[in-house]
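Visitor: Please read through the structure below; I'll follow up with questions.
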């Protein structure tokens with residue numbers, strides 16, 4: 001969006017004219033969107049780490065992350081945060097890699 005596409009300040013209502021309930025709702029919505037954005041950033045970082053670490057396509061890395069979180073009853077953001085912040089892959093993710101080797105590790109064939 002360019003600066004010229006932004007509304008002119010003179011055309012915007014003053015905060016005095018805004019309903020207090022609406023202002024509270026807008027602040028809450030802004031906070032929710034900020035949390036969602038930050039969560040998404042961590043998930044994207046975790047996908048990249050998994051894709052590089054295990055030579056996976058990014059969409060496959062996300063599938064592994066989602067499956068691991070669901071199977072372990074952990075929120076996907078929490079598992080992603082651990083992937084990003086810990087040097088080793090979390091055990092619940094390793095477990096899914098072992099259980100579904102042909103799906104996530106095409107070069108590994110079960111015995």
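The values are calculated or read from the model by the stated rules, or taken from the named source; none is laboratory data. Here the structure is a predicted model, which is why all the values come from computation and not from measurement. Cβ sites come from the backbone with ideal geometry, for glycine too, and all protein chains shown count toward neighbours.
Visitor: Which one of these does residue 37 not meet: (1) under 30 Å from residue 103 (Cα atoms); (2) modelled with pLDDT under 90; (3) surrounded by 11 or more Cβ atoms within 10 Å (Cβ to Cβ)?
Guide: (3)
Visitor: Residues in the stretch 15-33: is at least one part of a loop (DSSP other than H, G, I, E, B), touching a helix residue (DSSP H, G or I) at 6+ places or on another chain (Cβ under 9 Å), farther than 16 Å from residue 104 by Cα and modelled with pLDDT of 90 or more?
Guide: no
Visitor: Tally up the residues in the stretch 40-52 that are within 15 Å of residue 101 (Cα to Cα) and surrounded by fewer than 12 Cβ atoms within 10 Å (Cβ to Cβ), please.
Guide: So the count comes out to 0.
Visitor: While we're looking at this one, here's another question. Quick one: how many residues across the stretch 55-92 are in a helix (DSSP H, G or I), closer than 13 Å to residue 42 by Cα and in contact with a helix residue (DSSP H, G or I) (Cβ under 8 Å, 6 or more places away or on another chain)?
Guide: Of all residues in the stretch 55-92, those in a helix (DSSP H, G or I) come to 58-72, 76-85, 91-92.
From what is left, the residues that are closer than 13 Å to residue 42 by Cα are 62, 65, 76-85.
If we keep only those that are in contact with a helix residue (DSSP H, G or I) (Cβ under 8 Å, 6 or more places away or on another chain) too, we end up with 62, 65, 76-81, 83-84.
Qualifying residue count for the region: 10.
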